[in-house]
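Take a look at the structure set out below.
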Amino acid sequence: MDENNAALNKITEDLTFHIRITRGFKIWMGFLLIGLSICLYAYTLQLRFGLGVAGIRDYVSWGMYLSNFVFFVATSLIGMLISGVLGLIGIKWITPVARIAEIIAVAFAAIAGLVIIMDMGRPDRLEYVFIYGRFQSPILWDVTVVTTYFVLSALLLFLTLISDIAWVHKKTDHLPGWVKKTYQVLSLNWTDTPEKNHIIRRCVRILLILIIPCALAIHTVTSWLFAMSFRAGWDSTLFGPYFVTGAFVSGGSAVIIAMYFFQKNYKLHNYITNQHFNNMGKLLVMVMLVYLYFNINEFLVPAYKLKTAEAINLHDLFGGRFALMFWAVQIGGLILPIILMLFQKMRTPLPMLIISLAIFIGSWFKRYIIVIPAQEHPYLPIQYVPYNFKVYTPTLTEIAITLSSFFMALIIITLLSKFFPVVPIRETAVERGLVEEKN
Amino acid sequence: MMKKFLGIFFFVFIVLRISAFAQSAAPVWVVPKEVKEKVCPFQFTPETVKTGENVFQKNCKSCHGDPGKQNWAKINPPPGDPASVVFQQQTDGEMFYRVTTGKAPMPQFGNILSEEERWQVISYIRSFNANYVQPTPIVKTGSGSKNVKLRMYCNYRHKKLYVLCKEIKQDKSEIPAKGIDIQLNVKRYFGTLTVGNPKTTNARGLVLFDFPSDLPGGPSGILEIMARVKDETGLLYANQVKARLSIGKPVMVKSLTDARAMWSVRSKAPVWLILTFSLSLVTVWGFIFYILISLKKLKQTI
């Protein structure tokens, strides 16, 4: 029994070790906040002078902001894949990874909503979307489902945290009083009783089930924003599943990058092990193979027929203005990583970090490739307009505003992972047989 | 052989040149002398100018542009600016005749505008000429000119219309006007529709029209019918008779935007879509509220 207690103590100690304000944390947060302020200054310029400060014009009206929005929605979907799908099937190894995926889901879903507001010329009229939104418009479906998915993800993260918060509350005497007080409020007076655990388990179960259709909906609807409008390059019935699998690719790589930093900085080597990197690598290869398959469908089928309008767009992608970006993304961000990750040696932490960074960046540019070229080739000819109407080039202000979304997401991830255990304490203890799950 | 070919070539060439010449110099628009002196039977007033402007906006602006702005349509021959000196050099009678009879591409407004409207638009055009003095309004009769008055009667049961045409003599006495062409028109959204061909009055000054039974006439079948004198000579003075008769076919036009559709406004969204959207929303948020309540319970249970 004593041995048991000691082991339990060790786990709790290890997993709450990082919950302290360190110099490194201050420097990192300082960097993020300064970066964010610079980018927010760029946003004040846009508020003052209007959307004209961005490169978007009449024809390419969805520029970097929209492709960034798709990227954020996509990345947030990983929470559903890991906690929802794998969790419900009963895969055990995901325990230390699930919360990381949920934190990423919450951060990216929250910022996805803000990214859309960045694309609005009159953000003060945001409520009009709800007041005057038409049931027929994918835009209304999208704002509804993004909001809902964010709430579901946040609830899921919170519910799985409750018991841990109660434990952290006991272990963190070194923190200021108001922080402890906050922990106490957030723990909802949790104690290890069958009734309480039962309520939590039931709610988590409901959420895990709900989150699957909702996550599918959020990214399918996002793809419909494109597929339901008349554009060569978007006019595809494959767009829903194509976007969803693409989402698992970018989200999976994000989780691996986060795993690497948490393992190193929070000293979690005994919890996030090489085996987890190995497993995540295999999972990523699987979703990437599906994504590759969809890519082949998405490009080969129209490229075989070369209908006039599609042909213009495809030529631009395969050998024209966007060729470099297109092939870099497809080869460097998809095919090469798949081949590399087939080797066991590559599925170890450092190689996985590098590969995942390539996939993550590739995923961002993939959204750019989907959103922008199609708009430069409308069905009706573009006539009598200045050059910058025909060819979209993002401005510096626009890039800064886009970067702000990454700063904000990183701030949310940093704060959540700093003040809460990244690896679930109680679940780990239960898995290791140190705590008995009373029913 | 070669010579013959060349000969044909030259012949064709010359014919083409001549026809090109003919095209570039359109024959002058001649107005019969007796019509030239015709004057408006009523005094131009600010009111006639105002209604005339209305008529001009609807019927003339598309070609003649805004008077004084030289922005007439780029067609051949050029329509010309009504405020220009050349245009204003016409007499009222010439203008009236030209508007009445038209000349391709300008339409024949005798079929479209009543005599009164034609004079009103002239009064509007004249309002751009500061030097213009209106000739004393008179109804000059004799030497082909007549002053006629129309009356219209309707037989609803048989859908027949009678138009009675009387000539008013100098001494105000009325005699039946024989041999006058009468045209029926129906008002539509834009302009007028001519109904059938003109008919000529008989010795009693009477014409009889069988009114078509299938003219759509709005929800209650009411049509605004006008009878006018059709006068190519421009020598007649005549009134137009107008009446709103429920003689048309009642039609309820179903608007395209009445039906529910994907592309319509929110209140016209397809029912299945509203249901799917609302039901999904209520279901998911129902669970979310259930979880929030559970959290409250969690806090309270000991």
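In table form, for the structure just shown:
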quantity: Residue match in the range A:403-418 (condition: assigned to a loop (DSSP other than H, G, I, E, B) and touching a residue at least 24 places away in the same chain (Cβ under 8 Å)); calculated: no
quantity: Flag if A:PHE248 is within 14 Å of A:LEU81 (Cβ to Cβ), modelled with pLDDT of 95 or more and either of a type in the set (A, V, I, L, M, F, W, C) or assigned to a helix (DSSP H, G or I) (or both); calculated: yes
quantity: Residues being loosely packed, with under 15 Cβ neighbours inside 10 Å and either not hydrophobic (A, V, I, L, M, F, W, C) or not assigned by TED's automatic domain parsing to the domain that holds B:SER114 (or both) - total across the range B:67-101; calculated: 10
quantity: Among the candidates A:ARG231, A:ARG201, residue that is closer than 24 Å to A:PHE420 by Cβ, at pLDDT below 95 and either away from chain B (no Cβ under 13 Å) or surrounded by fewer than 22 Cβ atoms within 10 Å (Cβ to Cβ) (or both); calculated: A:ARG201
quantity: Candidates A:PHE130, A:PHE135, filtered to the one that is within 22 Å of A:LEU66 (Cα to Cα), within 11 Å of chain B (Cβ to nearest Cβ), in contact with a helix residue (DSSP H, G or I) (Cβ under 8 Å, 6 or more places away or on another chain) and open to solvent by 10 Å² or more (accessible area, probe 1.4 Å); calculated: A:PHE135
quantity: In the range A:265-274, residue most open to solvent (accessible area, probe 1.4 Å) [restricted to those that are touching a residue at least 40 places away in the same chain (Cβ under 8 Å) and under 14 Å from A:MET352 (Cα atoms)]; calculated: A:ASN274
quantity: Pairs, first over 13 Å from B:LYS296 (Cα atoms) and more than 9 Å from every other protein chain (Cβ to nearest Cβ) in the range A:179-196, second at pLDDT below 90 and open to solvent by 60 Å² or more (accessible area, probe 1.4 Å), C-beta under 8 Å, six or more apart; calculated: A:LYS180/A:ASP173; A:ASP192/A:LYS438; A:PRO194/A:LYS438; A:PRO194/A:ASN439
quantity: Those residues of the range B:142-175 which are in contact (Cβ under 8 Å) with a residue 60 or more places away in the chain and either open to solvent by 50 Å² or more (accessible area, probe 1.4 Å) or assigned to a loop (DSSP other than H, G, I, E, B) (or both), in sequence order; calculated: B:SER143, B:GLY144, B:LYS146, B:LYS149, B:ARG151, B:TYR156, B:LYS159
quantity: The range A:64-93 - residue that is under 20 Å from A:PHE360 (Cα atoms) and small (Gly, Ala, Ser) and, of those, modelled with the lowest pLDDT; calculated: A:GLY79
quantity: The range A:84-104, subset open to solvent by 10 Å² or more (accessible area, probe 1.4 Å), part of a helix (DSSP H, G or I) and of a type in the set (Gly, Ala, Ser), residue farthest from A:ARG205 (Cα to Cα); calculated: A:ALA98
quantity: Which listed residue, of A:VAL143, A:VAL151, is away from chain B (no Cβ under 11 Å) and within 28 Å of the chain's Cα centre (by Cα); calculated: A:VAL143
quantity: Hits in the range A:18-55 (condition: open to solvent by less than 30 Å² (accessible area, probe 1.4 Å) and outside any helix (DSSP H, G or I)); calculated: A:HIS18, A:ILE19, A:GLY50, A:ALA54, A:GLY55
quantity: Residue within the range A:28-36 that is closer than 19 Å to A:PRO421 by Cα and among the hydrophobic types (A, V, I, L, M, F, W, C) present; calculated: yes
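Rundown of residues vs (1) within 20 Å of A:SER137 (Cα to Cα); (2) at pLDDT below 90; (3) away from chain A (no Cβ under 14 Å); (4) surrounded by fewer than 18 Cβ atoms within 10 Å (Cβ to Cβ), yes/no style:
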residue	(1), (2), (3), (4)
B:SER220	no, yes, yes, yes
B:GLY248	no, yes, yes, no
B:LYS254	no, yes, yes, yes
B:MET262	yes, no, no, yes
B:PHE277	yes, no, no, yes
B:THR283	no, no, no, yes
B:ILE302	no, yes, no, yes
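The values are calculated or read from the model by the stated rules, or taken from the named source; none is laboratory data. These numbers were taken from a predicted model, which means no experiment stands behind them. Here the Cβ is made from the backbone with ideal geometry for all residues, glycine too, and neighbour counts use every protein chain on show. What goes into the accessible areas is simple: the full protein's heavy atoms, side chains included, and nothing from ligands, DNA or RNA. Shrake-Rupley method; radii C 1.70, N 1.55, O 1.52, S 1.80 Å.
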